[in-house]
Amino acid sequence: MDPLPYSALHATHGGIWIASPDGEIRESGRGEAISAAAETPMILLNAPMTGQRLGYPELSGLDLLELFAFVHPARFTVPTPAGIARTLGLTVPESDEDAAMLLLEAAQHLLDTLQWKEWGEREGAWSAAQSLFRLRWPWAAAVAERIAKPDKAERWLFSRLPEWEDQPPRPAPRTVTLDEDRAIDRLENLVGTDAERREGQRDYARAAARAFKPRAATGQPNMLIAEAGTGIGKTLGYLAPASLWAEEADGAVWLSTYTKALQRQLDRETEKLFPDPAERREKVVVRKGRENYLCLLNLEDALQGGFAGRAAVLAQLVARWAAYSKDGDMVGGDLPGWLATLFRRAGATALTDRRGECVYAGCPHYRKCFIERSARAAEGADLVIANHALVMIMAERRREDSSALTRIVFDEGHHLFDAADSTFSAALTGQEAIELRRWIIGPEGKHRGRRRGLSARLMDVASYDEAGGEAIEAASAAASALPGDGWLGRVAEGMPLGPIEKLLAAVRGTVFARASAQDAGYGLETEAAELDGALIAAVGVAAEALEALHRPLTVLRQRLEAVLEDAPDWLDTQARARIEGAMMGLMTRGQMLAAWISLLARLGGPADLDFVDWLAIDRFDGREYDIGLHRHWLDPTKPLAETVIKPAHGLIVTSATLKGGEGWASAEARAGAQHLDFAPRRFEAASPFDYENNSEVLIVNDLKKGDLPALAGAYARLTEAANGGTLGLFTAIARLKAVHARIADRLARNGLPLYSQHVDPIDTGTLIDIFRDDAHASLLGTDALRDGVDVPGDSLRLVVLETVPWPRPTVLHAARKLANGGNAYVDRVVRARLAQAFGRLIRRKDDTGMFVLLSAATPSRLLTAFPEGTAVSRVPLDEAVARVSARLSSVAEIGQQVAKSRVMESK
């Protein structure tokens, strides 16, 4: 076929280039580029990001990433010209000018792929192309003419997906005692015979093996608290005994992480245990919350007209992906993280089960459901890779039967406190309340659809069981007291409807009356104490309304239990599964309602010393989006100990920064050990890395606080001195955006691309992939990048913090500070954050890196956060720039090829 008749447009902070079909490349101005793109379709790479570079957010065209997602669904690529070139086996462009031509070459290559006999993702492509043609997808014509119509009807998504099968319940694990020598043998097999012997890793594996001994007494698991410094190899250190125990005991070990990045890393590490893909699928399962997975019924609705415009195109591309996906995980799985951002996230969240409205066996795709398949696979797996929140939620639900969670490894254990804080909290807010209303009544007004609430999902129960039917009607009537569509506007205008909206209006008035900095644009809050009579009166009426809702939901759950026990003729396997699913939903929402009622009951009375309560208005960029009352445990490891730790038989809490620069008391407080009546065992292994010679901490002492131009200049000079490879961390989004706006063009003109959270229209995971892939790139971000980012030292060699990461002075923080030693508690929090940020720097034995803190007033007492032996100096900015240049400027050139090979190997 003839070459594509389109030009390509490539825009960065450093300039704009247009490549014509005949091979001419010219640099363009912003106005010319916008006019050219408006006149005729042009090939782009990531239209939202290109549009942002041009200052034209509505830019559209032939997005190369959309074509890639069609041709190679469920395949990884870094969404840059260099990344696309490496994935497709094309010549990597050496300049931005070359990158413009690369877009043309890549587009032609992808279209040519459609005609290859060896193209492995052909099935379903013709049908998808026809649907996309009707949707006027820009690539549709070029794609459709290159895909021949199949001789016979091709299997499409729903017919292509395999069905899961029910398995008999797994028996309780056998009682075994691990032979520590066998655990070490397995470790050596995992590490490989050619690997350097690491005694710290072997000692760690022995200590971990003892956590799998039979439990001696109820409520006293074999618990290990272990700090293993970066480079010890703790992942394989606990995988060896965990996999050996699972094999010998025929039980499951749950490996829990805090970040999705570590979940992916753990999943890859298990390839060493089970090289055969079929065996690995059986032995290792990644588990996440339901909201992470594609809902096939939601997808079917979207494909059949539920989505329109660009969202409908996204649904078709997601359907292509789903047919080839490993597990249907849309968040951190094999769905490209950049795909949803190409469509400004329109429709992506609607394709997952975020409202808990699953109809379970009532769904025509129930036997092919990704969520159900994952849950059932986990029941027979040896290793279940989950996250802290899911483990805590499952433990809470299975208090009476904790057999599935007998052995747990909490990696990233320094985040246990934060995970428990979120999991065991309560929030009676407008957003939470309206979701509950929709779950009970169903979507109303323009949102009305197939999910019509409890009455529709349990219609057969209502007709069979009179008391159950009455409970459904009573719950639906009581739910009308919850906020409805448009609640936020009514509350803001002083015209609330119903008892809960009136409570939220009273909360809003109290917060505005008491809170300071009302014009700052951020969320506002105030302590729930000394409340006025009007608010207390609204609390009483709201509590009565919630109790009126809680009662019929409790009755309904009891009636569903009775139906299951009675087992009428119509109760087949699917109906039973649907009722069991409804019971689970009723239990979860019943617990939430009980927490709300308990929260309201305490307002106006004596304080509960175990909890911290406050009122809040949530805002973003000055706009309100939620209002409500909040309750957190003063020490959330208390419910963690009761719900998760004590019922377990063996438990490991581990991290490279578990002590956070403090003593063991700090580590045990994070792990909840102070609430146990036994002492957990401890293990510590220092990092083998040579921090004294390979790293350095610089505290810049001549930068004026609050001087934004000077701050931006410091970031630019330090990044230039390091030749890129800089991770810049901020404590405020506003300052991050301001610094990025001032320095991005300057760095790009010097060949140093700069990316940023909260600025670039792309997800954080993809930003990290781009950063890792280019040794000259730099990345700005906030807390999410302070932990869980694993980038080799030839791509990340300089970490810059704008200031000491003090905690925000919230109501919750103030209460915990008061209860935990005042400023000593604050220092513990800050040391932990500094340790985590420094931990991003040296990830390999041969890494070299520097850590710069732009705060002259950094207290010396915080510097124990850094590894022993690390040199710390207080210097002027000029000297800091000179030192960074002397140590790091050549690292990028040396490590560029190594970084590229690591990225490809890891993916």
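The values are calculated or read from the model by the stated rules, or taken from the named source; none is laboratory data. Quick caveat, the model's predicted, so the values are computed rather than measured. Quick reminder, even Gly has a Cβ in these numbers, built from the backbone with ideal geometry, and neighbours come from all protein chains shown.
Scanning the stretch 556-576 for residues that are touching a residue at least 60 places away in the same chain (Cβ under 8 Å) and surrounded by fewer than 17 Cβ atoms within 10 Å (Cβ to Cβ) yields Ala562, Pro568, Trp570, Thr573, Gln574, Arg576.
Of note, Ala252 satisfies the criterion of being in contact with a Gly (Cβ under 9 Å, 6 or more places away or on another chain) and among the hydrophobic types (A, V, I, L, M, F, W, C).
Applying the criterion of at least 2 residues that are in contact with a Ser or Thr (Cβ under 9 Å, 6 or more places away or on another chain) to the helices (runs of 4 or more DSSP H) found wholly in the stretch 470-577 leaves 498-514, 533-566.
I need a count of the residues in the stretch 450-478 that are surrounded by 19 or more Cβ atoms within 10 Å (Cβ to Cβ), closer than 19 Å to Gln558 by Cα and not acidic (Asp, Glu). Matching residues across the stretch 450-478 total 11.
Name the single residue that is modelled with the highest pLDDT among those in the stretch 323-332 being within 13 Å of Ile385 (Cβ to Cβ) and touching a Lys or Arg at 6+ places or on another chain (Cβ under 7 Å). Taking the candidates together, the pick is Asp329. Contact annotation: residue pairs with Cβ atoms under 8 Å, 6 or more positions apart or on different chains, pairing a residue in the stretch 741-766 that is closer than 16 Å to Thr726 by Cβ with a partner that is among the acidic types (Asp, Glu), are Leu747/Glu720; Asn750/Glu720; Leu752/Glu720; Pro753/Asp774. Per the listing Leu110, Leu59, Leu64, Leu90, the residue uniquely modelled with pLDDT of 90 or more, closer than 24 Å to Leu752 by Cα and buried (at least 20 other Cβ atoms within 10 Å of the Cβ) is Leu64. For beta carbons closer than 6 Å, sequence separation of 6+ or different chains, a first residue in the stretch 78-106 that is closer than 17 Å to Ile18 by Cα and a second that is assigned to a helix (DSSP H, G or I) and among the β-branched types (Val, Ile, Thr), the qualifying pairs are Thr80/Ile770; Ala106/Ile84.
Just one residue in the set Pro73, Pro21 is in a loop (DSSP other than H, G, I, E, B), touching a residue at least 40 places away in the same chain (Cβ under 8 Å) and under 30 Å from Gly332 (Cα atoms); that residue is Pro73.
Considering the stretch 212-249 alone, what residues qualify as being of a type in the set (Ser, Thr, Tyr), outside any loop (DSSP other than H, G, I, E, B) and more than 19 Å from Val284 (Cα to Cα)?
none
The set of residues in the stretch 30-65 being outside any helix (DSSP H, G or I), touching a residue at least 60 places away in the same chain (Cβ under 8 Å) and in contact with a Phe, Trp or Tyr (Cβ under 9 Å, 6 or more places away or on another chain) consists of Pro41, Ile43, Asn46, Gly61, Leu62, Asp63.
Go through the stretch 646-675 and count every residue that is in a helix (DSSP H, G or I) and either at pLDDT 95 or above or not charged (D, E, K, R) (or both).
Residues in the stretch 646-675 being in a helix (DSSP H, G or I) and either at pLDDT 95 or above or not charged (D, E, K, R) (or both): 9 in total.
Taken over the stretch 790-807, the residue count meeting the criterion of being more than 14 Å from Phe851 (Cβ to Cβ) and at pLDDT below 90 is 5.
When the residues of the stretch 669-707 are narrowed to those that are under 19 Å from Arg833 (Cβ atoms) and touching a Lys or Arg at 6+ places or on another chain (Cβ under 9 Å), which ends up surrounded by the fewest Cβ atoms within 10 Å (Cβ to Cβ)? The selected residue is Ala669. In the stretch 787-798, of all residues being out of contact with any strand residue (DSSP E or B) (no Cβ under 6 Å at 6 or more places or on another chain) and not β-branched (Val, Ile, Thr), the one that is surrounded by the most Cβ atoms within 10 Å (Cβ to Cβ) corresponds to Ser795. Considering each residue of the stretch 838-849 in turn, none proves to be modelled with pLDDT of 95 or more, surrounded by 23 or more Cβ atoms within 10 Å (Cβ to Cβ), in contact with a Lys or Arg (Cβ under 7 Å, 6 or more places away or on another chain) and not in a helix (DSSP H, G or I).
Cβ separations smaller than 8 Å between residues 6+ apart or across chains give the following pairs from the stretch 471-496 residues that are in the same structural domain as Arg457 (by TED's automatic domain parsing) and of a type in the set (Lys, Arg) to residues that are at pLDDT 95 or above and crowded, with 19+ Cβ neighbours inside 10 Å: Arg490/Pro496; Arg490/Glu501. Scan the stretch 546-583 for residues that are closer than 27 Å to Pro364 by Cβ, under 36 Å from the mean Cα position of the chain (by Cα) and among the basic types (Lys, Arg) and jot them down. Hits for the stretch 546-583 are Arg557, Arg576, Arg578. Being surrounded by fewer than 16 Cβ atoms within 10 Å (Cβ to Cβ), in a helix (DSSP H, G or I) and small (Gly, Ala, Ser) is the requirement here; does Ala141 meet it? For Ala141, the condition - surrounded by fewer than 16 Cβ atoms within 10 Å (Cβ to Cβ), in a helix (DSSP H, G or I) and small (Gly, Ala, Ser) - is met. The listed residues are Glu66, Glu24, and the only one of them that is acidic (Asp, Glu) and more than 26 Å from the chain's Cα centre (by Cα) turns out to be Glu24. Taking the listed residues Ala129, Ala107, Ala144, Ala100, the one that is closer than 28 Å to Gln304 by Cα and under 34 Å from the mean Cα position of the chain (by Cα) is Ala129, with no other qualifying.
Against the conditions (1) closer than 18 Å to Leu190 by Cα; (2) surrounded by fewer than 24 Cβ atoms within 10 Å (Cβ to Cβ); (3) more than 25 Å from the chain's Cα centre (by Cα), Ala209 satisfies every one except (2). Exactly one residue out of Arg136, Arg146, Arg160 is surrounded by fewer than 20 Cβ atoms within 10 Å (Cβ to Cβ) and touching a Gly at 6+ places or on another chain (Cβ under 8 Å): that is Arg160.
Here Pro171 clears all of (1) surrounded by 14 or more Cβ atoms within 10 Å (Cβ to Cβ); (2) part of a loop (DSSP other than H, G, I, E, B) except the condition numbered (1). Being surrounded by fewer than 23 Cβ atoms within 10 Å (Cβ to Cβ) and under 24 Å from Tyr522 (Cβ atoms) is a condition met by at least one residue of the stretch 712-724. Scanning the stretch 746-756 for residues that are out of contact with any Leu (no Cβ under 6 Å at 6 or more places or on another chain) and crowded, with 23+ Cβ neighbours inside 10 Å turns up just one, Leu752. In the stretch 138-157, the residues that are on the phi > 0 side of the Ramachandran plot form no Cβ pair under 9 Å with any partner that is buried (at least 20 other Cβ atoms within 10 Å of the Cβ) and at pLDDT below 95, whether six or more places apart or across chains. Hey, any hits in the stretch 281-296 for a residue that's more than 16 Å from Val384 (Cβ to Cβ), modelled with pLDDT of 90 or more and surrounded by fewer than 20 Cβ atoms within 10 Å (Cβ to Cβ)? No, the conditions are met nowhere in the stretch 281-296.
Is at least one residue of the stretch 613-627 part of a helix (DSSP H, G or I) and at pLDDT 80 or above?
Step one: of the stretch 613-627, the residues part of a helix (DSSP H, G or I) are none.
No, the conditions are met nowhere in the stretch 613-627.
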